[in-house]
Each structure stands twice: as structure tokens, then as C-alpha cells.
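Q: Can you read through this structure? Questions will come right after.
The values are calculated or read from the model by the stated rules, or taken from the named source; none is laboratory data. Note that the structure is a prediction, hence the values are computed from the model and not measured. All Cβ positions, glycine included, derive from the backbone under ideal geometry; neighbour counts span all protein chains shown. Just the protein is used for accessible areas: all its heavy atoms, side chains included, with ligands, DNA and RNA removed. Shrake-Rupley method; radii C 1.70, N 1.55, O 1.52, S 1.80 Å.
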Amino acid sequence: MALAFLFAQLPVVSEAWALIGAVVGQLPFGRCVALETSNTFTSLVGGNVAVFALRVRFFQRQGYDAEAAVSSGAIVSTASWTAETLLFLAAIGFAAGNFHVPSDSGGNQGIVWIVIAVILAVGIALALIELVPRLRRLASRQIRPHLLTIWVNIKAIATEPRKIFYVLAGSTLAQLLVILALGASLHAVGEQASIATLITVNTLAAIIGGAVPVPGGAGVVEAGLIAGLTSAGIPQEQAVAAVFIQRLFTAYLPPIWGWVTLAWMRRREYV
């Protein structure tokens with residue numbers, strides 16, 4: 001449990017590296033760690049949109065203009081999604097044989113349908129944008145300028161290879177630390193699973209949590225993690241206990257010091 005707690009607190013440090021790599025110039029590392037600590041509270045009460053908004057505000061307070069702040073915030077968010085996707089694609093081939101559907105899989109079927117619904121919704125939205133001229137023009141008019149700004153920022157950052165390394169390594173390490181916290185929680189209750197299985201379970205649970213409009217995915221992510229672990233052969237009692245330990249350390253205790261840190265940053269006018 002002590003190791004699970006340690007792993008659960010380190011992602012804010014990795015995400016701070018990603019922040020430093022997402023901007024042209026230098027940012028104070030300590031302030032970036034404080035920002036990501038604050039986001040443990042922001043994520044719980046406002047979800048990903050609030051996290052993005054707080055990062056943009058932080059960049060502006062550090063002297064970047066609105067366009068640079070928005071593009072840097074988008075780079076950090078995109079890097080996180082990209083790291084999560086690549087880890088999932090790398091792991092799914094190794095983990096697929098570990099999953100089975102229990103005979104009483106009513107709850108699991110519901111989760112599967114949520115994942116399918118999300119994939120279908122994204123596919124339908126992309127198809128509409130591509131096939132309906134008016135929607136395509138609207139998307140081009142509203143989104144393309146932001147994409148161009150992000151691309152300009154990426155090209156500027158790419159002149160410093162260490163910045164690219166910070167963004168990619170920080171985002172990937174943050175994902176792995178959360179997964180390692182889940183693995184340590186399983187060991188704490190006398191069970192274990194391969195790293196590929198843990199990556200797959202964690203990613204699918206994150207998709208479910210993002211699909212349901214609940215701040216921080218409270219309750220929804222837990223259901224996805226438990227369903228995934230039980231499908232991978234972990235007894236339900238141990239799966240529930242392990243998920244509770246991991247979520248306690250990653251999602252429910254950190255907002256306490258996240259709120260304190262956010263109040264401190266507001267007093268210092270860092271956000």
C-alpha cells in the first residue's frame with residue numbers, strides 16, 4: 001500500500017515535465033508541479049475542461065499570450081491522450097488472451113456497450129463533418145486556425161529536442177505511474193496481473209469515465225476497473241479492494257492538498 005501511495009503521487013511530477021516541454025522558453029519546475037497538484041482538485045470538481053482552462057490561465061500568468069497559452073495547453077492534453085493510446089495499442093495484443101467474460105456478466109456487458117457507443121459517436125461525428133459541407137466548413141473555420149497555431153508552436157518547440165522528450169516522456173511516465181499504482185494495489189491484496197493487462201484495463205476504464213459526464217469519473221472509473229480486473233481473472237472481492245486503494249490514492253486524497261495548493265497559487269497570482 002505504501003508503494004501504491006508513492007506511485008500515485010508521482011504523476012504530477014511527470015506532468016510538470018510535460019508542461020515545461022510544451023512551451024517555448026523556460027518555466028519554473030516547482031510552479032509546474034504546483035499547477036499539476038492543483039489540477040488533482042480541479043479535475044475532481046470540473047473535469048478535463050477545467051484542467052485545460054487552469055493550464056491556459058497558468059501559461060498566461062507566466063507571460064505567454066492567449067494563442068500560445070491555448071496551443072501549449074492543447075499540446076499537453078494531446079500528448080497525454082497520445083501516450084495513453086500508444087500504450088494501449090502496445091499492450092492489447094499481449095493482454096487480449098487474459099480476458100474472459102464471466103457467466104454473470106450483466107454489468108460488464110453494460111460497460112462494453114458504453115465503450116461501443118463512444119466509438120460509434122466519434123465515428124458518426126467525423127462522418128458528418130466529412131460528408132456534410134456546412135459542417136465541414138464550420139469545422140474548418142472554427143478549428144483550423146487553432147490547429148495552425150498549435151502546429152506553429154510545435155515547430156518552435158521541435159527546435160529543442162529536449163522539449164519534445166519532456167512532453168512525450170512526461171506524459172507516458174504519468175500514465176505508467178498510475179498503472180503501477182494499480183499493480184501495487186493488487187499486490188497489497190494478494191493478487192497480480194501483467195503490465196499489459198493493467199494498461200488495457202486502465203485505458204478502457206478511462207474511456208468509460210470520459211464518456212459519462214461525471215467530474216473525475218467518480219464511481220464510473222471504479223466500475224470499469226473492477227469489471228476489467230474481474231474479466232482478467234481477479235476475484236471480485238480482491239478487485240474491489242485493489243481498485244478502492246488505487247482510486248483513494250490517485251483520485252480522492254490528492255484533491256485535499258490540491259485544493260490547498262490551488263489556493264496558494266491564487267494568492268501568488270500564478271493562476
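Q: Modelled with pLDDT of 85 or more, under 15 Å from Thr172 (Cβ atoms) and of a type in the set (A, V, I, L, M, F, W, C): does that describe Phe88?
A: Against the criterion (modelled with pLDDT of 85 or more, under 15 Å from Thr172 (Cβ atoms) and of a type in the set (A, V, I, L, M, F, W, C)), Phe88 qualifies.
Q: Take the conditions among the polar types (S, T, N, Q) and within 19 Å of the chain's Cα centre (by Cα) and apply them to Thr230. Does it pass?
A: Details: among the polar types (S, T, N, Q): yes; within 19 Å of the chain's Cα centre (by Cα): no.
It is false that Thr230 is among the polar types (S, T, N, Q) and within 19 Å of the chain's Cα centre (by Cα).
Q: How many residues, within region 220-260, are over 19 Å from Val51 (Cα atoms), touching a helix residue (DSSP H, G or I) at 6+ places or on another chain (Cβ under 9 Å) and without any contact (Cβ under 8 Å) to a residue 12 or more places away in the chain?
A: Residues in region 220-260 being over 19 Å from Val51 (Cα atoms), touching a helix residue (DSSP H, G or I) at 6+ places or on another chain (Cβ under 9 Å) and without any contact (Cβ under 8 Å) to a residue 12 or more places away in the chain: 2 in total.
Q: If you don't mind, another one. Name the residue that is farthest from Gln236 (Cα to Cα), counting only residues in region 185-211 that are surrounded by fewer than 21 Cβ atoms within 10 Å (Cβ to Cβ) and more than 19 Å from the chain's Cα centre (by Cα).
A: Going through the qualifying residues, I end up with Ser194.
Q: Could we say that Ile256 is under 19 Å from Leu176 (Cα atoms), open to solvent by 30 Å² or more (accessible area, probe 1.4 Å) and either modelled with pLDDT of 90 or more or within 19 Å of the chain's Cα centre (by Cα) (or both) here? Break it down into steps so the answer makes sense when it comes.
A: Values: under 19 Å from Leu176 (Cα atoms): no; open to solvent by 30 Å² or more (accessible area, probe 1.4 Å): yes; either modelled with pLDDT of 90 or more or within 19 Å of the chain's Cα centre (by Cα) (or both): yes.
So Ile256 fails the test.
Q: Please verify whether Ala206 is closer than 17 Å to Ser80 by Cα, touching a residue at least 12 places away in the same chain (Cβ under 8 Å) and not acidic (Asp, Glu), treating the condition exactly as stated.
A: Working: closer than 17 Å to Ser80 by Cα: yes; touching a residue at least 12 places away in the same chain (Cβ under 8 Å): yes; not acidic (Asp, Glu): yes.
Yes: the conditions hold for Ala206.
Q: In addition: Of all the helices (runs of 4 or more DSSP H) wholly in region 1-78, which have at least 2 residues that are out of contact with any Gly (no Cβ under 9 Å at 6 or more places or on another chain) and among the aliphatic types (A, V, I, L, M)? Steps first, answer last, please.
A: On the way: elements: 2-9, 11-21, 29-61.
Ranges flagged: 2-9, 29-61.
Q: Of the residues that make up region 218-238, is at least one part of a helix (DSSP H, G or I) and among the acidic types (Asp, Glu)? Even if it seems obvious, please write down each step before you answer.
A: So the first thing to find is which residues in region 218-238 are part of a helix (DSSP H, G or I), and the list is 220-231, 236-238.
Okay, now just the ones that are also among the acidic types (Asp, Glu), so 222, 237.
Yes - at least one qualifying residue is present in region 218-238.
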